[in-house]
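Okay, so here's the structure we're looking at.
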Amino acid sequence: MSLAISCPVCGSRFYTTIRKHRSHTVIFKDCFLQRCTDCDMVYAAPMPGEKELEQYNAGYFVNAHGQVNMHPLTVAFLSAINLLRVVHVAAFAEQHHIKIDRVLEIGPGGGEFAKHWLRLHPETLLYAGLESDATRHTNLDAIGVTRIEALEKMPTDTNYDLVVISHVLEHTSNPAAFINACTRKLSAGGILFIEVPCNDHEHKELDEPHLLFFDKHPMRVLLEKLGFGDMKLSYHGNTIEKLRNKRSFLERNSSRVRNLLIRKGLLFPFARRQPGLEKMHDALERAVIKPFNAHKEQDKPSWWLRAVTIKK
Ligand SMILES: [Zn+2]
């Protein structure tokens, strides 16, 4: 345990304590949630030790989520949300006239983002992935992801045009060092895409397995400090305000009915195409993703926070 508490984003030693970090696993048992008085970052403190975290994350899916859930609706959801991420990043690249030949993804999981990226951009020369969960390797190999064993083992002669860090950063204790290590081989003028949950301590029952709780401002502070510019930060999905009230009787039951209809194959009227879902051709994916509003960019803090930015 490191006892010196400072903001992992801006280094400030000033904070207010929000409450205990809510967890089941012993490595988090002494953690509190702190809010940095300077940049507003919310973080767990004191952070678990690096070695404990590494061991915990190595068995990540077993520790954090019980086991990998491959229910058809989960598969459809993961596929749909990753298609939306791919479309988002590709639109940014196009807008900035950046050609992406080589991609590096940190924590590609089962390859849900990679699959859509490679399908929509078959001209991609290299899609490399660093996945610590060995149970995912067969899937990644089948999709065509070139696996990298460790950041230190990256080929030194390869540079990347895009680095993808989706739902990984919130698990790290030193985000600046982590992003630096991941983007060491990102070319100047290349794109970094990060997605994290936004302030999920405000709407989830457990804080575990997360250590960092981002909003737009601290994300901007962090990325600017690391030499990134031309930043697009955006909120996606249902607003946190709505998520906090989600346990209302009406909504709970209407989503139960919706799930039942989806399971029975009665997709209409949930599968109609909507703005933001134009590229989603699978009716089940449209039906599953729609209630999450992941295709909508929101003005207020929402479930997901995306950052797309260019390395200077
Ligand atoms: Zn701070």
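Readers should treat all values here as calculations from the given coordinates under stated rules, not as data from a laboratory. Note that this is a predicted model, so its numbers are computed, not measured. With ideal geometry, Cβ positions are generated from the backbone for all residues, glycine too; neighbour counts draw on all protein chains shown.
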* **Local electrostatic count at Glu297 - Lys and Arg +1, Asp and Glu -1, tallied over other residues with Cβ under 14 Å** => +4
* Mind telling me which of Lys115, Lys185, Lys99 comes out most flexible in a GNM of the chain, alpha-carbon contacts under 10 Å? => Lys99
* Hey, in the chain, which Cys have no second cysteine's beta-carbon closer than 4.7 Å? -> Cys31, Cys182, Cys198
* **At 0.890 mPa s and 25 °C, Stokes D of the chain from Kirkwood alpha-carbon radius, µm² per second** => 120
* To do: Starting from the amide H of Thr146, placed 1.01 Å from N in the peptide plane, find each other amide H under 5 Å away whose residue is 5 or more places distant or on another chain.
  => Tyr127, Ala128, Gly129
* To do: From the C-alpha gyration tensor of segment 1-58, pull out the three semi-axes of the equivalent ellipsoid (sqrt of 5λ each), sorted largest to smallest, in whole Å.
  => 21, 13, 9
* GluC sites (Glu not before Pro) restricted to segment 107-175 and DSSP loop, no more than 11 other C-beta within 10 Å -> Glu123, Glu149
* Express the relative contact order of the chain as a whole percentage, based on alpha carbon pairs under 8 Å and six or more residues apart in sequence. => 19
* With springs only between Cα atoms under 10 Å, which of Arg13, Arg85, Arg22 fluctuates most in a Gaussian network model of the chain? -> Arg13
* Asked: Any idea what log10 I(q)/I(0) is at q = 0.21, 0.22 Å⁻¹ for segment 21-154, Debye with uniform C-alpha scatterers and no solvent?
  -> -1.21, -1.24
* To do: Identify which of His21, His210, His71 has the largest mean-square fluctuation in a Gaussian network model of the chain, with springs joining Cα atoms closer than 10 Å.
  => His71
* Asked: Which whole DSSP H helices in the chain pass both tests: a Cα extent of 15 Å or more along the axis and a mean Kyte-Doolittle value no lower than 1.0?
  -> 72-95
* Structure fact -> Charge tally for neighbours of Ala150 with beta carbon under 12 Å away, counting Lys, Arg as +1 and Asp, Glu as -1, is -2
* **Listed pairs Lys20/Lys232; Lys232/Lys296; Lys29/Lys204; Lys216/Lys312 exceeding 22 Å between Cα atoms** => Lys20/Lys232
* **Counted charge near Gly109, where neighbours are those whose Cβ lies closer than 15 Å (Asp, Glu -1; Lys, Arg +1)** => -3
* Under 1.5 on a/c is rounded, so check that first for segment 100-247, then, if it is not, pick prolate when a/b is larger than b/c and oblate when it is not; a ≥ b ≥ c are the square roots of the alpha carbon gyration tensor eigenvalues. => prolate
* Mean separation of Cα pairs under 8 Å and 6+ residues apart, divided by the residue count of segment 18-136: what relative contact order is that in percent? -> 18
